[in-house]
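All remarks here apply to the structure that follows.
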Amino acid sequence: FFRTFILTLVTAVLDSSKTSNPQYFEAIYGPYKEKTFYWCLSQVLHPKSKGEVTLRSSNPYDPPIIDPKYFSHPRDMEVIVAGLKKCKEFGQSQALRTIGSKLFTTVYPGCEDVVNDDDKYFRCMARSIVITLNHQTGTARMGNPLDPTTVVDPKLRVKRIRNLRVVDASVMPIIPGGNTNVPTMMVAEKAADMIKETIRCESDNDMHSIFQEEC
């Protein structure tokens, strides 16, 4: 069950990402479908490459154009390659070899000519199957209202638009080093406090309360 679940899950991830050719997955992992195996993934937690989301048209129902621009900054590739080298090192360690650990023998399609050069091979492999782990952030980043790259101010208010705030992971100016679920909940809790404060301020100002100056 574990083997089947992992293979099904990964196939679904690759298919939903629309960034990888399923043939790569079948060529590499197909021979291991009925065998026990483990993965070691190399991930860039704080990528330097910046993608973009742009409007496809003036029709709000048209899906946006999403261009992740993977590896547009060379440092990201360096991080991935370093991580894959560590994966290879772990896989060949004495501790894992004692339980029968072996490296995959299949080669990524298109990378056959560089299979004996780890740097070139891992670069080729990364370009073949890079995916996003579905925790996108920063498309409506928060910051100084005078900064042209920001969408919302420190109170999550959309610049130059009244009575509109953004409360989700898109406001995060820096990608968290872990899952975005808890940070997003924290953003929502803080937003709720700020909205309640705004409502209280409006009411208190009408009565010239002691909170008027604070508001």
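At-a-glance table
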read-out	value
Karplus-derived HN-Hα couplings along segment 26-35 (A = 6.51, B = -1.76, C = 1.60, θ = phi - 60°), whole Hz, x at Gly and Pro	5, 5, 7, 9, x, x, 10, 4, 9, 10
FRET efficiency for N181 and V107, using Cβ-Cβ distance with R0 set to 35 Å, rounded to 0.05	0.45
Peptides ranked, highest mean first, by Cβ atoms within 10 Å: ranges 118-128, 134-144, 173-183	118-128, 134-144, 173-183
Over 21 Å between alpha carbons, listed pairs K35/K88; K88/K120; K50/K85; K48/K69; K35/K86	K50/K85; K35/K86
Segments 32-41, 107-116 sorted - mean Cβ within 10 Å per residue, highest first	107-116, 32-41
K69-C201 FRET efficiency (beta carbon distance; Förster radius 30 Å; 0.05 resolution)	0.10
Karplus-derived 3J(HN,Hα), 6.51/-1.76/1.60, for each residue of segment 132-140, Hz, glycine and proline x	9, 8, 6, 10, 5, 9, x, 7, 9
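Every number here is computed from the coordinates shown, using simple stated rules; none is lab data. Nothing here was measured: the structure is a model prediction, and the numbers come from that model. FYI the Cβ positions are ideal-geometry reconstructions off the backbone, even for glycines, and counts take in every protein chain you see.
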